[in-house]
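Remarks on the structure that follows.
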Amino acid sequence: MNVSPRAIQAALVRARAPILWIGATYLLGLAVGAGMVHAHNDFALRYYDDLVGHAQTTDPAAIAMNRGLPLRAALADFGGNLVRGAVPTTVMGLGIVMPFPLVAFRGWIGGIVSVDGRHVSRLLDSDERLYYLGVLLLQLIPYTLAGGTGVRLGLAFVFPKSRWGYPTAQRWIGLPAEGVHDVLRIYILIVPLFLVASLVEFMAR
C-alpha cells in the first residue's frame, strides 16, 4: 500500500464530498447546541450539567485531570476519541447514512459545552474563547475525516459501478481493497491530529 504524501492527498480528494457532508453535519449540530445554551434552553443546560457531572466520575481523562495528571488525561482522551469515537464512526460509514445522526449529536455536544459550569458563555473571555474554539477545531477535523472516509468506503461498497467505485476489482473481506487502503491512508492523518487535540485540551490550561 502506497502511503506517500501524494497517495494520502489523492485519498482525501476521493473522499472530499463525504468529508464535506460530515463536516457540514457537525457544524449544524454545533450551531444548534451553542444556540440552545446561549438562549438558556432548560433542556440543553440540564443535559450539559448531567454530562459534565457524569464525566467527572466516570471519564478516565476527567478523573486523571482531577488528580493533577494532565498527560495521562490527554492520553486517555486520545485513546477514547480514536477507539470509541473515530473508528466506530468510520465503520458506521459502511451504512452511508448511519453516521450522520451520531455526527449531529456529537456536534450538538460540542455546542452545549460553549458555556461553563455557571452557564456563562465561554466565548466572552478572549483566552477561554481561543481555548474552546481551538480545541473544538482540532477535534472536529479528525472526526470529520474519520466519518467522511467511512462514508466514502460505504458508497464504494454499495455502488461499485458508480462514480464512487474504484477501477480495480480487488476485494478485502468484501470491501474494495483500494477503498480500505484510502481509509488507512487518511487514518495516518487522523491519529496524530487526535493526539495533538488531546494534548492541547489537557496540557494548554
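The values are calculated or read from the model by the stated rules, or taken from the named source; none is laboratory data. Please read these numbers as outputs of a predicted model, since none were measured by experiment. Here Cβ is always computed from backbone atoms with ideal geometry, including for glycine, and neighbour counts include all displayed protein chains. Keep in mind that these areas ignore ligands, DNA and RNA; they rest on the heavy atoms of the full protein, side chains included. Shrake-Rupley method; radii C 1.70, N 1.55, O 1.52, S 1.80 Å.
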Sole exception among (1) out of contact with any Phe, Trp or Tyr (no Cβ under 6 Å at 6 or more places or on another chain); (2) at pLDDT 95 or above for Thr25, by number: (1)
The one condition in (1) among the small types (Gly, Ala, Ser); (2) in contact with a Phe, Trp or Tyr (Cβ under 7 Å, 6 or more places away or on another chain); (3) in contact (Cβ under 8 Å) with a residue 12 or more places away in the chain that Gly154 fails to fulfil: (2)
Counting just the residues of the stretch 173-201 that are part of a helix (DSSP H, G or I) and of a type in the set (Gly, Ala, Ser), which one comes out farthest from the chain's Cα centre (by Cα)? Ala177
Only one of these conditions is not met by Asp50: (1) over 30 Å from Trp164 (Cβ atoms); (2) not in a helix (DSSP H, G or I). Which number is it? (2)
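I'd like the residue in the stretch 40-83 that is among the charged types (D, E, K, R) and closer than 24 Å to Ala204 by Cβ and, out of all such residues, is least open to solvent (accessible area, probe 1.4 Å). Steps first, please.
Just the residues of the stretch 40-83 that are among the charged types (D, E, K, R), to begin with: 42, 46, 49-50, 59, 67, 72, 77.
Next, from what is left, pick out any that are closer than 24 Å to Ala204 by Cβ: 59, 67, 72, 77.
Values: Asp59: 49, Arg67: 173, Arg72: 149, Asp77: 26 Å².
Ranking the candidates gives Asp77 first.
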Can you work out which of the residues in the stretch 138-172 that are in contact with a Leu (Cβ under 8 Å, 6 or more places away or on another chain) and not in a helix (DSSP H, G or I) is most open to solvent (accessible area, probe 1.4 Å)? Ser162
Every residue from the stretch 2-31 that is open to solvent by 60 Å² or more (accessible area, probe 1.4 Å) and either more than 19 Å from Gly107 (Cβ to Cβ) or of a type in the set (Val, Ile, Thr) (or both): Asn2, Val3, Pro5, Arg6, Gln9, Val13, Arg14, Arg16
On the given criteria, is Gly68 at positive phi and outside any helix (DSSP H, G or I)? yes
Residues being farther than 18 Å from Tyr48 by Cβ and surrounded by 16 or more Cβ atoms within 10 Å (Cβ to Cβ) - total across the stretch 99-137: 4
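So that you can scan it fast, the table gives a plain yes or no per residue for (1) under 15 Å from the mean Cα position of the chain (by Cα); (2) modelled with pLDDT of 95 or more; (3) closer than 22 Å to Leu193 by Cβ:
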position	(1), (2), (3)
Val97	no, yes, no
Val103	yes, yes, yes
Arg106	yes, yes, yes
Gly111	yes, yes, yes
Tyr131	no, yes, yes
Gly134	yes, yes, yes
Leu137	yes, yes, yes
